[in-house]
Amino acid sequence: MKKAVCPGSFDPITNGHLDVIERASGLFDEVVIAVLVNNSKTGLFSIDERVGMISDAIKHLKNVKVDTWSGLLVDYCRDHDIAAIVKGLRAVSDFDYELQMAQMNLQLKGVDTLLMATKPAYSFLSSSLVREIARYGGDVSNLVPAGVLKRLAEKA
Ligand code: PNS
């Protein structure tokens with residue numbers, strides 16, 4: 001069974017993340033969304049809230065599940081027999097950072113990374129911009145899953 005991981009902070013998950021996850025689910029037998037816990041960073045949403053919103057958004061994807069992890073991503077891959085990391089690439093500006101992490105993860109434990117080109121419609125989309133726009137009352141209804149929209153409204 002070929003398993004892949006889609007890692008990230010997901011604070012919160014966006015339609016751009018979901019698009020990459022949906023396309024990865026068609027390429028692998030199983031996809032795990034790993035919400036990485038960064039103890040030095042306080043986000044808008046707790047880890048439990050992020051997992052809850054992701055669970056709601058992936059109900060239609062039978063071979064996708066969500067998990068959390070607070071160590072190195074390559075150790076998660078080793079412990080769960082995961083063959084590849086899948087990440088979205090929105091623009092050239094993402095490339096240096098993603099390439100650096102991909103090469104580091106390859107060097108650390110031989111884990112491959114597949115950088116999936118996002119749909120152009122999502123090339124400007126990020127969790128941090130969603131948080132900022134929502135904080136000032138802007139409309140993010142076409143940028144995030146419905147469950148996320150509801151939780152953003154509750155935080156406002
Ligand atoms: O949502 P992000 O910020 O793009 O996700 C980055 C993330 C969480 C995938 C990356 O920071 C990560 O893999 N963190 C886990 C710790 C780790 O393995 N660090 C070394 C990366 S080479």
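Quick notes on this structure:
- For the stretch 150-156, putting each phi into the Karplus relation 6.51 cos²θ - 1.76 cosθ + 1.60 with θ = phi - 60° gives couplings of 5, 5, 5, 5, 5, 7, 5 Hz, in residue order, rounded to whole numbers and with x for Gly and Pro.
- Start at zero, step by 5 Å, and the Cα-Cα distances of the stretch 45-156 spread as 2, 9, 16, 17, 21, 19, 11, 4, 1 percent across the bins.
- From phi via Karplus (6.51, -1.76, 1.60), per-residue ³J(HN,Hα) for the stretch 88-98 in Hz, x at Gly/Pro: x, 10, 7, 7, 4, 5, 7, 5, 4, 5, 5
- Per residue accessible area in Å² of the chain, where ligands, DNA and RNA are left out and the probe is 1.4 Å: 55
- Packing-based order for 79-88, 118-127, using average beta carbon neighbours within 10 Å, highest first: 79-88, 118-127
- Hits among lysines - C-alpha to C-alpha of Lys59 under 20 Å, sequence gap 8 or more where chains match: Lys3, Lys150
- Along the stretch 102-117 the Karplus relation, 6.51 cos²θ - 1.76 cosθ + 1.60 evaluated at θ = phi - 60°, assigns HN-Hα couplings of 4, 5, 5, 5, 5, 5, 5, 9, x, 8, 7, 10, 9, 9, 9, 5 Hz to successive residues, with x for each Gly and Pro.
- Peptides ranked, highest mean first, by Cβ atoms within 10 Å: ranges 94-103, 53-62, 9-18: 9-18, 53-62, 94-103
- Nonlocal amide H pairs with Val5, under 5 Å, H built at 1.01 Å: Val32, Ala84, Ile85, Val86
- Amide H contacts of Thr68 (H built 1.01 Å from N, under 5 Å, at least 5 apart or other chain): Val35
- Straight-distance candidates among the lysines for linking to Lys119, with alpha-carbon spacing under 18 Å and chain neighbours fewer than 8 residues away dropped: Lys87.
- Between amide H atoms placed 1.01 Å from N, distances below 5 Å from Leu89 occur with Met116, Ala117, Thr118, all of them 5 or more places distant or on a separate chain.
The values are calculated or read from the model by the stated rules, or taken from the named source; none is laboratory data. Because the structure is predicted, anything quoted here is derived from the model rather than measured. Note that each Cβ is placed from the backbone with ideal geometry, even for glycine, and that neighbours are counted across all protein chains shown. Calculation scope for accessible area: heavy atoms of the full protein, side chains included, ligands and nucleic acids excluded. Shrake-Rupley method; radii C 1.70, N 1.55, O 1.52, S 1.80 Å.
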